Amino acid sequence: MTASHGKIAGINGNMLTVEFDGPVIQNEVAYPVLNDLRLKAEVIRIRGAQADLQVFEDTTGLRVGGPVEFTGELLSVELGPGLLGQVFDGLQNPLPELAEKCGFFLQRGTYLEALPRGRKWEFKPAAGQGAAVRAGDVLGSVAEGMFTHQIMVPFNLPGRYTVREIAAPGSYTVEQPVATLDDGASRAQVTMLQRWPVKLPITRYAERLRPTEQLVTKIRILDSFFPVTRGGTYCIPGPFGAGKTVLQQLTSRHADVDVVIVAACGERAGEVVETIREFPKLKDPRTGLSLMERTIIVCNTSSMPVAAREASVYTAVTLAEYYRQMGLNVLLLADSTSRWAQALREMSGRLEEIPGDEAFPAYLESVIASFYERAGIVRLNDGRLGSVTIGGTVSPAGGNFEEPVTQATLKVVGAFHGLSRERSDARRYPAIHPLDSWSKYPSLIPEDQLMLARRMLRDGNDVNQMMKVVGEEGTAIEDFIVYLKSEYIDAVYLQQDAYDEVDGATPADRQKHMFERLYSVLMARMHFKDKAGARKFFQALTQATKDWNRIPMDSDEFKAAERRITQMLAEVTPNA
Amino acid sequence: MRRIYNRVERIAGNVISVRAQNVSYRELAQVASGRGVSLTQVIRLQGDMVSLQVFEGARGIATNAEVRFLGHPMRTAFSSALLGRVFTGSGAPRDRGPVLDENLTDIGGPSVNPAKRIIPRRMIRTGIPMIDVFNTLVESQKLPVFSVAGEPYNPLLARIAMQAEVDIIILGGMGLKHDDYLYFRDTLEENGALSRSILFIHTAADPTVECLMVPDISLAVAERFALQGKRVLVLLTDMTNFADALKEIAITMEQIPSNRGYPGDLYSQLAARYEKAVDFDGAGSITTLAATTMPGDDVTHPVPDNTGYITEGQFYLRNGRIEPFGSLSRLKQLVNGKTRADHRTIMNSMIQLYASYRESLEKMSMGFRMSDWDRKLIKYGERFEKEMMDLNVNIPLEKALDLGWIIMADCFEPAETGIPTRMIEQFWPKK
């Protein structure tokens, strides 16, 4: 197909109106040309002989009448070995290489190849000559860091093929052919590099399953109270300063998955820098290798071109789906989906579409829903399982969850981790609200025990509210104990000190063990002379339990600290 | 090529439209009116219809006014000759000095590659305990001062500028009262800092739209100095005026407003400016402090709200003091572990005790019975407010930490403070 040409007819911010000849595809990539610069853009609306384009770069200097080159291809990413450990912008340009080429600033119109072309990979063939294959089937593999990176039949090849030739073991670059396939009519050469349009999900698997297996994050309030499963979705809305990003960073470190993809979408550059600079130094507790080796960062920070924010989210999820096709468990963290929604709003305004709530476009909900629906645990053609879990933060205006982006997200996710200003002001971290949040996924704690803890939290909160009106002196001691117990759960279990090595990350078995101890405290019938005595006891118990939280689990000290807690409890429960 | 046009098709608000060919997006043009020549910028192109925002206001522009396109976007001169000078929002001299046009650089340039940033690591000392001890300012941080209109945010900015150890100070004033402008200038002069300062001043008397350029021009100059290895402090006051000017243009251009009339891209617009704060890998840095007035003391107002999501913390100025609750320096953890061993302990303990003091105050006002503990807290709270929170207090960090121990020792027994025994043994003042 020969690509069409066009002429700029109007410019409004990052939106161009272009008059074109020949066929134009919705969402195809086009390049307005400014002197020797070609700026990447995407077709987002076609009306008669005019197409509206969103430009992924600053449009300063473009003129009416300037040329536009259409490509006939949808916005795509490169897939192949060499993605892990990289830092990309929203259009998959590797940022460190860009810095080498352009210096301190992101020069517009400079696009680099995502995968290193010169690097050679040790290819091991897996499929034999004559084997029957289809898209997504394994042809061979290379070692990418700690993973076996499978080279698959390109996802865009329809139908069934026979392997005619397969490369001998040896080293190849991503552009050298490693196999030749034949579908009876024509032959196709396969390299390790393939391209896939970002806005379409990769669905070369046998079936999608129901997510049931828990994804442990080592954050107690999440794993025990508001769990997430592999292949599930969750969202973290919260006002500014409540700790959304810290929570995402902790999750990216500790989550029990193979590959983590961080999509920093429209947020602070400083936070990405922390990840870029710290991750190479941090060790993955599971493998002992650098955390960076299992991470891909896609960042389009708040001052980078707005239209590329949308692209960055899709780029990230496409990379996640690619690794899922290899039977790996992938976690995608998107921070923040509100910024992406705002990019949609800006564009919608320029297109002069009829606005919905708060000027967001009417299709906001369906766009958000189809993004989260790209998560899931799947059974591949050869029976292995792979998963993509998506966790997105939401930054609601004024911290008010009644706004369109939060509401549209809540409809489609499986867990809601609502952050509260109240808790972050009180320095109760992580500031996830224990009464407002919810999860539809099963927890590692037995259901009945969890129910009791939840009820205790709710009742304790009620007593606290009441005490604000009638004062401590007007509260019955039984109610006061309920309140103290709820504060105890909060202080020793829900709150976690991210800066402490032991307390900062609690593995699943330790959580189960801790929760049993907690449960015995909640169940205990305690006797106190007066409220001051009760308060003093709980202060001491909290201190002792917090100390216990900071001791490594397999030590004698740990057992001693636990005994101390049991003894303290025995002293106030005479009949137990 | 024809660059001069004599027919204005449309005048609405501060936006004029002319029919012209071969005009590039964001290009500048001059328009002549009865009041002189004013600068305009292309903000929309539609066929041959060009919309221009007039920085000095469209009032007095005739339909046959002369519009001359300049063929380049907004630029600023850059050289060390800028130091000690005062300019308007569009870069013209406001003092009696000469016009500068050497080394012209585009303003509003591309953003910094995150791969060329480094994690900030240097503390900026201000001599204000509420900042140094509790919410340490860090080089390359971007931080707004949220306050209502009557609060002394400008004196606070001036004081930080005077005491911060930086190479260059750039002040961007937007809708600044003339008195405040003179106050800044005189303060800088009295302290001998004017020779390392550059002022871009848009006063309340100037046309609103002209303030749109102030942040960009200030930051473009800051960026060039930072690239030369200088440590630059940029003060912007008041960013709410900037946002209001954005709103005015957006409404004139018939954009659909998102929240209280502000345009949908308010977040991106503010972020493009704040994100210029940077610590370059292998060059200098830009630190940005920006006053943001909150209409009606409402932090959920779109301007402070969007700002809060962009910046690395915020200082709340309330009743002439930096409020300990709500104020936050997101980067303080990067530096306060390296100052003195007791820094974090003092920071946490004193605020927790102060929070308890507030609870006791509330109890007292409700008429509940006061315990001994409550009385101790009230004594503590009053001393804390007087000796640490007051903005007139000017002591270095180490003195402030010592003072913290003294106040606590005067009010409490060591065990009542919840401070770990290890720290008590080392730092609790012996009587």
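Observations, loosely collected:
- Annotation: for a label point projected 7 angstrom from Cα along Cα→Cβ of residue B:300, residues of segment A:333-362 with backbone N closer than 16 Å are A:358.
- Among beta bridges identified by DSSP and lying wholly in the protein assembly as shown, the antiparallel ones come to about 65 percent.
- Remark: segment A:5-76 is approximated by an ellipsoid whose semi-axes, taken from the C-alpha gyration tensor as √(5λ), come to 16, 13, 11 Å, largest first.
- The gain in end-to-end length when the residue B:254 to residue B:204 segment is fully stretched comes to 15.5 nm, 0.36 nm per residue minus the alpha carbon separation.
- Helix-derived mean residue ellipticity, 222 nm - over the protein assembly as shown, DSSP H n ≥ 4, -39500 (n - 2.57), to 500: -9500 deg cm²/dmol
- Legend: mean number of C-beta atoms from other chains within 10 angstrom of residue C-beta atoms, peptide A:94-107, equals 5.
- Of the chymotrypsin sites (Phe, Trp or Tyr not before Pro) in segment A:490-576, the ones in a loop by DSSP (not H, G, I, E or B) with at most 16 other beta carbons within 10 Å are A:499.
- Counting Cβ atoms of other protein chains within 10 Å of each Cβ in A:268-281 and taking the mean gives 5.
- Note, ³J(HN,Hα) from phi for segment A:271-287, Karplus 6.51, -1.76, 1.60, rounded to Hz, x at Gly and Pro: 5, 5, 4, 4, 5, 4, 7, 8, 4, x, 8, 8, 9, 6, x, 7, 10
- From most to least packed by mean Cβ count within 10 Å, the peptides B:418-424, B:192-198 give B:192-198, B:418-424.
- Förster-model FRET efficiency, 22 Å R0, residue B:386 and residue B:348, C-beta, rounded to 0.05: 0.55
- Potential lengthening of the chain between residue A:278 and residue A:523 amounts to 83.9 nm, from the contour at 0.36 nm per residue minus the alpha-carbon distance.
- Panel values: segment B:343-427, Kirkwood radius from alpha carbon pairs, Stokes-Einstein at 4 °C and 1.567 mPa s, translational diffusion coefficient 96 µm²/s.
- Scanning chain B for GluC sites (Glu not before Pro) in DSSP loops with at most 12 neighbouring Cβ atoms within 10 Å leaves B:255-431 as the longest stretch between them.
- Other residues lying with their Cβ under 13 Å from the Cβ of residue B:89 contribute a combined charge of -3, Lys and Arg counting +1, Asp and Glu -1.
- Among B:356, B:218, B:140: highest mean-square fluctuation, GNM of chain B, C-alpha pairs under 10 Å: B:356
- Using a Förster distance of 41 Å, the FRET efficiency for residue B:64-residue B:183 (Cβ separation, nearest 0.05): 0.45
- Each of A:390, A:445 was scored by other Cβ atoms within 10 Å of its Cβ. Listed from fewest to most, they are A:445, A:390.
- Length available on full extension from residue A:382 to residue A:509: 0.36 nm per residue minus the Cα-Cα distance, which gives 42.5 nm.
- The value given for the protein assembly as shown is a Kirkwood hydrodynamic radius of 31.0 Å, derived from the mean inverse Cα-Cα separation.
- Applying both filters, DSSP loop and at most 15 other Cβ atoms within 10 Å, to the GluC sites (Glu not before Pro) of segment A:89-157 gives A:113.
- Computed label-point distance, nm, for sites residue A:27 and residue A:566 using a 7 Å Cα→Cβ extension: 6.0
- Averaging Cα coordinates gives a centre for segment A:82-102 and one for segment A:457-514; these two points are 46 Å apart.
- Separation of the residue A:477 and residue A:354 label points, Cα + 7 Å toward Cβ, nm: 6.7
- If R0 is taken as 22 Å, the Cβ-Cβ distance between residue B:410 and residue A:426 corresponds to a FRET efficiency of 0.25.
- Each label point was placed 7 Å from the Cα along the Cα-to-Cβ direction; for residue B:283 and residue A:111 their separation is 2.7 nm.
Only the coordinates and a few stated rules stand behind these numbers; no lab work does. Bear in mind that the values here come from a model prediction, so they are computed numbers and not experimental data. Cβ coordinates were reconstructed from backbone atoms using ideal geometry, including for glycine residues, and neighbour counts include every protein chain displayed.
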